[in-house]
Every structure is written in structure tokens, then in C-alpha cells.
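**Q** First, the structure itself, so that you have it in front of you.
The values are calculated or read from the model by the stated rules, or taken from the named source; none is laboratory data. As the structure is a computational prediction, the values presented were derived from the model and not from experiment. Cβ placement follows ideal geometry from the backbone for every residue including glycine, while neighbour counts extend to all protein chains displayed.
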Amino acid sequence: MKLLVDTHCHTLASGHAYSTIKEMADYASQIGMKIIGMTDHGPSMPGGPHIYHFGNLRIMPEYISGVRILKGVEANIMNFEGTLDMPDKFLSKLELVIAGFHDGCLVPGSVEENTSAIIGAMKNPLVDIIAHPGNPQFSIDIEKVVDCAIETNTLIEINNSSFGNARRGSEDNCRLIALEAKKKGALLTTGSDSHICFHVGKFDKVLQLFEDLGIDEELVVSSNPQRLIDFLNKKGKKINYGLSTPMV
Ligand SMILES: [Zn+2]
Ligand SMILES: [Zn+2]
């Protein structure tokens, strides 16, 4: 399986990441990636961008160095109802909306509370992806979350950084989530969660997991750039891809 799309990347704007969008795109281009999501943290993340950052993404070129840049956010789940830290008015202007738990924004609750939060976020039709659901700090009922992902047509992210320094202890949960998705036919996407350009498109751990579990390419929407775009456009986004001439 080749993963030519990275749906989860952070730039300098996130406050604790180290590369510009130009550096991210240049690196992505060098390693042959076709699409990257510019999904900086939502405004409630300590040190994160002001909401104006997202409003002004309209000036961002569609392509930089030949790589399609999806204008997005990794929004924060703020309570157990699943409310995000950005109003729908802003979310609806973006091309890619990820939602996830971050302990700087929400104190983890019980399994029931965390599950209700993540389900609430997925029920927002503007949410496309649920970020790193394997985080053991925010334990969830995996069966219920996978069922809801299918019901709401939300992609479940398998996050490469969850197997490294971030969210320690995620591996077993990621495995269980991927297995449940395989059993039920829930769709997956892959994010590097890169906070520096050199990690864009880094999917070594994710690919190993897919191989170990026999996850078919059919389940992994990010294995095919056009398929990801079609998926997002079906969810109501208006993404040009492959039609416009690269602008930068
Ligand atoms: Zn995150
Ligand atoms: Zn992230």
C-alpha cells in the first residue's frame, strides 16, 4: 500500500511546531506526496492560532510545490457533548476538519463521558476525521465509536505519532480500533501528525500495523488521493483537485 496523502500536519501556526507551510509542501513534494492536510490546532490549544488564522486560509494557494494543500484544522473537543472550539461558520469554510481530544483543552472523563464526547463530535456533519482515538488518556468504547464512524461517515485516523513519542501507550488501542474497523468495514485515514517538515508522510508504523492486521487498501481512503477528495466532496466540501494548474 502506498500512502500519497497525509491528512494531519502542523505548521508553525500551531505554536509548538517548527516548519512553515512552504517547508512542509517542499518536503512533501520531494518524497512524492500528492496531498497534505494543513491541520493546525484549533484556537483553544495553549499557544495555538487565533481563529483569524482559519478565516484567512482563503488566501492559501491550492497547490504549493505541486502538492495540494487542504485547508484544515485539528479542532479540540471541549466537553462531553462533543462541542468543538470553532463555530460551524468557520468549520464550514475549511476543506478538512479533524476533531480530537487534547488534555490542554479537556480533562479526560470516564469511558462513557469520553465516548459521548467523541460521538457528539462525529455527529457534527462538518467533521471529517476523528484524530488519534487510541489515546489511552481518553479511553473510549471502541465498538460504539467505530459504529458511529460508519453511521456518520467519519474517517477514523490511524496516527503514526501515536506509535512514537506522542500519547504513549496508544499502540494496543490503535490495534483494537483498526481490527474493529476491519471487522465492520469502517473507513480509515492516515496522519503523520508531523510537527516538523521531515515527518510529513512518515507512515512506517501505520503501514506495519496494516500489514500485521491484514488491513485492505479498500478501507484506507488516504491510499488514493482522488478517493479522499471524492469522499470529502461527498461530505459537502468543495475541493478542486487535479483540475487547476498549480499556482506556486
Ligand atoms: Zn492531536
Ligand atoms: Zn495533531
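**Q** Here is a list of conditions, (1) touching a residue at least 40 places away in the same chain (Cβ under 8 Å); (2) more than 16 Å from ligand 2 (Cβ to nearest atom); (3) on the phi < 0 side of the Ramachandran plot, and MET86 meets all of them except one; can you say which number that is?
**A** Only one criterion is unmet by MET86, namely (2).
**Q** Among (1) within 18 Å of the chain's Cα centre (by Cα); (2) surrounded by fewer than 17 Cβ atoms within 10 Å (Cβ to Cβ), there is one condition ASN224 misses while meeting the rest; what is its number?
**A** (2)
**Q** Let me ask something else about it. Counting only residues that are surrounded by 20 or more Cβ atoms within 10 Å (Cβ to Cβ), at pLDDT 95 or above and charged (D, E, K, R), how many does segment 141-167 have?
**A** Qualifying residue count, segment 141-167: 1.
**Q** Has segment 56-64 got at least one residue that is modelled with pLDDT of 95 or more and within 15 Å of ligand 2 (Cβ to nearest atom)?
**A** Within segment 56-64, none of the residues are modelled with pLDDT of 95 or more and within 15 Å of ligand 2 (Cβ to nearest atom).
**Q** Let me confirm something: among LEU232, LEU219, which residue is modelled with pLDDT of 95 or more, buried (at least 20 other Cβ atoms within 10 Å of the Cβ) and either of a type outside the set (S, T, N, Q) or in contact with a Ser or Thr (Cβ under 9 Å, 6 or more places away or on another chain) (or both)?
**A** LEU232
**Q** Can you find even one residue in segment 205-212 that is within 14 Å of the chain's Cα centre (by Cα) and either surrounded by fewer than 17 Cβ atoms within 10 Å (Cβ to Cβ) or of a type in the set (Gly, Ala, Ser) (or both)?
**A** No, every residue in segment 205-212 fails to be within 14 Å of the chain's Cα centre (by Cα) and either surrounded by fewer than 17 Cβ atoms within 10 Å (Cβ to Cβ) or of a type in the set (Gly, Ala, Ser) (or both).
**Q** Looking at (1) within 15 Å of ligand 1 (Cβ to nearest atom); (2) surrounded by fewer than 24 Cβ atoms within 10 Å (Cβ to Cβ), which one does ASP128 not meet, given that it meets all the others?
**A** Of the numbered conditions (1) within 15 Å of ligand 1 (Cβ to nearest atom); (2) surrounded by fewer than 24 Cβ atoms within 10 Å (Cβ to Cβ), the odd one out for ASP128 is (2).
**Q** Mind listing whichever residues of segment 12-30 are more than 14 Å from SER65 (Cβ to Cβ), away from ligand 2 (no atom under 11 Å from the Cβ) and touching a residue at least 24 places away in the same chain (Cβ under 8 Å)?
**A** Pass one, segment 12-30, residues more than 14 Å from SER65 (Cβ to Cβ): 12-18.
This time we only want the ones that are away from ligand 2 (no atom under 11 Å from the Cβ), so: 12-13, 15, 18.
ALA13, GLY15, TYR18, listed by residue number.
**Q** I would also like to ask the following. Return yes or no: is ALA99 at pLDDT 95 or above, more than 21 Å from HIS195 (Cα to Cα) and in contact with a strand residue (DSSP E or B) (Cβ under 8 Å, 6 or more places away or on another chain)?
**A** So ALA99 fails the test.
**Q** Just need a number here: residues in segment 237-246 that are at pLDDT below 95 and surrounded by 10 or more Cβ atoms within 10 Å (Cβ to Cβ).
**A** Here the count works out to 4.
**Q** Next up: Hey, LYS202 hits all of (1) under 16 Å from ILE150 (Cβ atoms); (2) within 16 Å of ligand 2 (Cβ to nearest atom); (3) among the charged types (D, E, K, R) but one; which does it fall short on?
**A** (1) is the only condition that LYS202 fails.
**Q** Testing LEU57 on (1) in contact with a helix residue (DSSP H, G or I) (Cβ under 8 Å, 6 or more places away or on another chain); (2) aliphatic (A, V, I, L, M); (3) under 18 Å from VAL127 (Cβ atoms), one condition comes back false. Which one is that?
**A** Single failed check for LEU57: (1).
**Q** Still on this structure, please answer the following. Of the conditions (1) away from ligand 1 (no atom under 14 Å from the Cβ); (2) closer than 28 Å to LEU4 by Cβ, HIS102 satisfies every one except a single condition; which number is it?
**A** (1)
**Q** If you check every pair at least six apart or on different chains, which have Cβ atoms under 8 Å apart with a residue in segment 195-206 that is of a type in the set (Val, Ile, Thr) first and a residue that is part of a loop (DSSP other than H, G, I, E, B) second?
**A** Within 8 Å, the pairs are ILE196/ALA17; ILE196/TYR18; ILE196/SER19; VAL200/ILE31; VAL200/MET33; VAL200/SER192; VAL206/LEU3.
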